[in-house]
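Structure first, then comments.
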2 protein chains.
Amino acid sequence: MAPRRSGVILRGEMEETARLIESIKQLLGEGRDERLADLLEDAHPADVSLVIRELPPDDQVRLFRLLTPQHAGAVLAELDDPTLRELVGSLPEVEVSRVLDRMPPEQVVDVVEELPREQAEEILELMEEEKSEEVQELLEYTEGTAGRLMSPEFVAVREEATVAQAIEHIRKAASGEGAFYLYVVDDHDHLVGVVPLHRLLAADAATPIRAIRTDEVESVRVDTDQEEVARRVQHYNLIQIPVVDVNRRLLGTIGVDDVIDVIREEATEDIQRLGGVAGDETVLDPPRAVFIKRNLWRLINLGTAVLAASVIGLFESSIQALATLAVFMPIVASMGGIATTQTATIVVRGIALGDMSAAVLRRVLWKELWLGLTTGGANGLVIAVIAYIWKGHLLLSLILAVALVFNMVVAAVVGTLVPIALKTSRVDPAIASSVIITTFTDVFGFFSFLGLATLLIRFLL
Amino acid sequence: MAPRRSGVILRGEMEETARLIESIKQLLGEGRDERLADLLEDAHPADVSLVIRELPPDDQVRLFRLLTPQHAGAVLAELDDPTLRELVGSLPEVEVSRVLDRMPPEQVVDVVEELPREQAEEILELMEEEKSEEVQELLEYTEGTAGRLMSPEFVAVREEATVAQAIEHIRKAASGEGAFYLYVVDDHDHLVGVVPLHRLLAADAATPIRAIRTDEVESVRVDTDQEEVARRVQHYNLIQIPVVDVNRRLLGTIGVDDVIDVIREEATEDIQRLGGVAGDETVLDPPRAVFIKRNLWRLINLGTAVLAASVIGLFESSIQALATLAVFMPIVASMGGIATTQTATIVVRGIALGDMSAAVLRRVLWKELWLGLTTGGANGLVIAVIAYIWKGHLLLSLILAVALVFNMVVAAVVGTLVPIALKTSRVDPAIASSVIITTFTDVFGFFSFLGLATLLIRFLL
């Protein structure tokens with residue numbers, strides 16, 4: 001069972017999964033479909049979804065058709081978005097609708113929302129009416145809210161029920177497999193309590209549910225942002241959170257597995273935005289699909305680079321007089337760039353993790369200023385010595401060191417305040433990517449170094 | 001229950017939590033300790049931990065002493081690391097040990113591993129012998145492995161047991177509160193199956209456990225890396241995963257709440273390393289504590305900046321002859337920087353998410369090359385026009401555009417291959433931060449632009 005890592009398997013996947021993929025590819029190649037169907041039946045849907053991703057479109061369809069209808073639905077629910085669109089695009093709509101009919105509504109939502117609008121509508125049309133309506137109800141909730149994430153299936157009883165009645169109710173419930181809590185509602189379906197199943201097991205059959213329920217239940221409203229749902233589930237260490245409407249009527253539940261997906265999505269978004277990418281790109285997106293988004297940031301960067309160049313342009317005559325200035329000026333800009341990127345990274349992540357309250361802002365700013373001054377001093381000394389040894393120009397070396405310290409202080413202030421300003425303006429602080437904040441340190445870095453040099457130019461020549 | 005957001009609350013915390021913090025601060029100020037103790041008793045430990053973080057050290061201790069011993073342990077388990085060290089540092093060791101005595105061993109581990117070595121040893125010495133030994137056993141597992149993460153408490157029965165016996169066993173188990181699964185072991189404690197509690201509820205009292213257990217149980221070995229544990233829990237949508245030794249003997253379980261913490265830690269590490277920070281820094285770390293780590297990357301950056309400067313130094317005479325070169329050269333470097341950062345960000349995150357297998361490497365490289373060429377062409381055209389309008393130098397504008405396209409292609413290759421090379425060398429690909437990869441685009445950018453200009457210098461003057 002140990003996950004031995006092999007140099008070539010980049011995703012650190014389990015050896016078992018890798019072996020499964022190999023076996024399946026071999027059986028596909030040999031056309032042994034019956035043996036393949038047996039193998040697939042025993043495999044976990046999450047593993048089958050990985051296999052499908054690795055196959056060319058024709059084989060994807062062939063493999064998918066070998067799955068039992070129940071299993072096919074589970075596999076569909078596990079596929080990543082580009083592969084899902086590819087596979088569903090190669091299947092007749094009626095075939096897809098038969099598979100979706102057997103899936104829980106919230107998983108159908110996950111599939112349908114990824115498809116092109118027309119195809120989605122046609123598939124919903126072809127599905128069984130009841131299931132299709134359930135799905136369409138869920139689709140009415142805004143994307144990124146608790147309503148869109150929740151499963152409308154749960155097990156709930158009235159508070160007057162006995163433990164025996166509750167157990168009977170759970171036995172009959174279709175959604176038993178995912179149930180770890182029994183919810184308690186009043187006569188108007190308002191959520192009034194919760195009973196973990198192990199407490200039900202430990203209780204006497206005749207005990208009324210009212211006596212063993214916990215009445216303080218953490219819940220979220222149907223319009224709560226999914227990021228807040230994730231924060232709450234994590235903060236209170238929950239494995240499932242009930243979703244209620246404005247009147248606290250129980251509408252559904254969100255499981256921790258969906259919350260994990262949200263946490264990973266949000267982390268991906270932060271990482272990508274900090275790196276100047278849209279936030280939802282995957283390695284396998286077709287290049288044409290991401291051209292606009294990538295190029296947007298590159299064009300913005302072109303604009304900021306031209307701005308920095310125009311600052312240099314102000315001092316062209318100084319550079320003409322002393323070309324060595326051109327050699328050293330990128331060092332000042334580059335050091336400001338790393339410093340402000342470091343600071344902004346810590347602050348943006350601190351905001352996302354909830355560590356960055358208004359109360360601590362001043363402490364963080366002081367920390368960054370202290371670091372800017374001390375590391376600026378240390379680095380300034382090093383670069384002054386290097387520059388002096390290299391060019392033998394004492395004053396120039398000193399100007400370089402002073403400009404570098406200035407720029408490190410600017411970096412500390414910009415790296416701390418820009419993300420916070422964005423957050424208070426309700427903009428994602430992660431867009432304070434290096435493209436934006438390094439503009440400040442580029443411009444200020446060139447300006448301070450070339451400006452100081454120009455002021456003192458007659459002593460430099 | 002809706003989380004209305006207010007502009008000043010940076011961490012987007014729930015209003016309730018914010019109100020609780022306010023009430024507590026007020027009661028602390030008024031010295032109404034009895035009322036405060038009542039309020040704290042009803043509050044969730046996770047919320048109390050947030051309150052403690054916001055208080056000055058003296059008030060932290062005062063508040064902590066108002067908690068019941070049981071509650072105090074739960075609060076300690078929820079504190080963030082710097083606050084934990086601060087609070088425990090202000091309390092006598094014997095007082096801390098009494099609180100730890102009442103906590104589950106894996107939570108004691110979380111506390112003790114954050115403390116200075118001497119203090120930790122003293123506290124373990126003062127604890128009840130049995131609990132202390134349990135904790136020390138867990139501490140022997142390497143940090144970052146399943147063993148260090150697991151709880152040694154779980155509910156397990158032999159396969160011959162009946163449902164009635166199993167239920168009786170659960171009732172008696174001390175750790176009932178966190179139980180959602182019943183594990184099945186053979187006579188030598190080998191893990192041979194699992195029964196979700198709801199299935200136990202639905203079964204007949206006389207049924208043998210053997211008849212209702214699932215015998216394919218996902219598990220991890222005690223030495224499995226925590227990142228792999230998280231990947232597996234997420235891949236298979238689990239809420240708890242059993243931990244076994246080399247012989248498949250059941251040793252403990254890891255809950256999804258701990259897995260969520262791992263996922264967030266790993267995301268933080270990736271984000272910070274990409275931003276050129278150590279990976280475990282928080283916004284409130286004392287500046288002296290992070291000086292070395294921050295400065296390390298700044299010094300590395302200083303080295304790479306000097307390298308880039310030395311490339312410019314090669315062409316000093318060209319710049320002397322035509323200072324305009326110095327104005328445009330940072331644009332080529334900067335555009336290469338954004339392009340390679342974008343690419344590396346997508347690739348590093350792709351590796352972390354498991355999307356980046358060897359099979360797709362070629363597709364990703366083509367995608368990035370295509371994007372490099374097309375966006376390079378588009379941006380090159382824009383900058384050539386800008387440069388021509390600005391300086392009226394046609395050949396110079398063309399050189400700028402060509403160097404920019406070259407550099408975008410280099411950016412695509414470096415941004416894709418460097419993280420992958422790091423991964424296959426078992427180094428965290430996230431250290432392919434901009435500091436490292438932009439060195440290539442800086443150096444190549446300056447070299448290609450200034451080199452082309454120098455080759456054609458007689459047509460430029």
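The values are calculated or read from the model by the stated rules, or taken from the named source; none is laboratory data. In this text the structure is predicted, and so the values were computed from the model without any measurement. In this analysis, Cβ positions are derived from the backbone assuming ideal geometry, glycine residues included, and neighbour counts consider all displayed protein chains.
Let's see how each residue does on (1) of a type in the set (D, E); (2) surrounded by 14 or more Cβ atoms within 10 Å (Cβ to Cβ):
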| position | (1), (2) |
| --- | --- |
| B:G89 | no, no |
| B:V99 | no, yes |
| B:A120 | no, yes |
| B:E128 | yes, no |
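Being more than 9 Å from chain B (Cβ to nearest Cβ), touching a residue at least 60 places away in the same chain (Cβ under 8 Å) and either under 22 Å from A:D186 (Cβ atoms) or of a type in the set (F, W, Y) (or both): is that true of A:V222 here?
Values: more than 9 Å from chain B (Cβ to nearest Cβ): yes; touching a residue at least 60 places away in the same chain (Cβ under 8 Å): yes; either under 22 Å from A:D186 (Cβ atoms) or of a type in the set (F, W, Y) (or both): yes.
Judged against the criteria, A:V222 is a match.
Could you list all residues from region B:342-367 that are facing chain A (nearest Cβ under 8 Å) and not hydrophobic (A, V, I, L, M, F, W, C)?
Scanning region B:342-367 gives B:Q342, B:T345, B:R349, B:G350, B:G354, B:D355, B:S357, B:R363, B:K367.
What about A:L314, is it modelled with pLDDT under 95 and not hydroxyl-bearing (S, T, Y)? So that I can check it myself, show each step before the final result.
Numbers: modelled with pLDDT under 95: no; not hydroxyl-bearing (S, T, Y): yes.
The answer is no for A:L314.
When region B:356-399 is examined, which residues are found to be crowded, with 17+ Cβ neighbours inside 10 Å and outside any helix (DSSP H, G or I)?
B:M356, B:S357
Determine whether B:I457 is out of contact with any His (no Cβ under 6 Å at 6 or more places or on another chain) and at the interface with chain A (Cβ under 8 Å from one of its Cβ atoms). I'd like the intermediate steps shown before the answer.
Details: out of contact with any His (no Cβ under 6 Å at 6 or more places or on another chain): yes; at the interface with chain A (Cβ under 8 Å from one of its Cβ atoms): no.
No, not satisfied.
In the set A:E143, A:E129, which member is of a type in the set (D, E, K, R) and more than 25 Å from B:D355 (Cβ to Cβ)? Full working, then the answer.
On the way: A:E143 fails: more than 25 Å from B:D355 (Cβ to Cβ).
Only one candidate passes the filter, namely A:E129.
What helices (runs of 4 or more DSSP H), lying completely within region B:67-148, carry at least 2 residues that are within 30 Å of B:E34 (Cα to Cα) and touching a residue at least 24 places away in the same chain (Cβ under 8 Å)?
On the way: elements: B:69-78, B:81-89, B:93-101, B:105-112, B:117-126, B:129-139.
Once the helices (runs of 4 or more DSSP H) in region B:67-148 are filtered for at least 2 residues that are within 30 Å of B:E34 (Cα to Cα) and touching a residue at least 24 places away in the same chain (Cβ under 8 Å), what remains is B:69-78, B:81-89, B:93-101, B:105-112, B:117-126.
Which of (1) touching a residue at least 40 places away in the same chain (Cβ under 8 Å); (2) farther than 28 Å from B:R53 by Cβ; (3) of a type in the set (S, T, Y) does A:Y388 not meet, given it meets every other one?
Result: A:Y388 fails condition (1) only.
Could you please give the count of residues in region A:189-219 that are within 11 Å of another protein chain (Cβ to nearest Cβ), outside any strand (DSSP E or B) and out of contact with any helix residue (DSSP H, G or I) (no Cβ under 7 Å at 6 or more places or on another chain)?
Within region A:189-219, residues that are within 11 Å of another protein chain (Cβ to nearest Cβ), outside any strand (DSSP E or B) and out of contact with any helix residue (DSSP H, G or I) (no Cβ under 7 Å at 6 or more places or on another chain) number 3.
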